[in-house]
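We did not get these values from a lab; they are worked out from the coordinates using the rules stated. What you see is a predicted model, and the numbers here were worked out from it, not measured in a lab. Every residue, glycine as well, gets a Cβ built from its backbone with ideal geometry; the counts of neighbours run over all protein chains shown.
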C-alpha cells in the first residue's frame, strides 16, 4: 500500500505533459507485483488525471516490464 501511495504522490508532482517511465526493476518488485500495479494505474487513469502507455519493454534484451505515465 505504501508503494501505491508513493507512486500516486510521484504522479501528482508531474507537470502537465510530463512523462514518467517506471519499471519493476526501479521499484524493486517482482513482475507479478508490477502487473498488479499496472492494473491499478490503468484503472486510475480512467479518472482522467493521467494516461498510461504500456510498451513491450524498455530494454528488449533484458525484457524489463515498464509503464509510462503521462500527466494530462
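The number of residues in the stretch 1-20 being surrounded by 14 or more Cβ atoms within 10 Å (Cβ to Cβ), over 12 Å from residue 66 (Cα atoms) and touching a residue at least 40 places away in the same chain (Cβ under 8 Å) comes to 2. The set of residues in the stretch 21-47 being crowded, with 16+ Cβ neighbours inside 10 Å and either in contact with a strand residue (DSSP E or B) (Cβ under 6 Å, 6 or more places away or on another chain) or not in a helix (DSSP H, G or I) (or both) consists of 22, 23, 29, 38, 41, 45.
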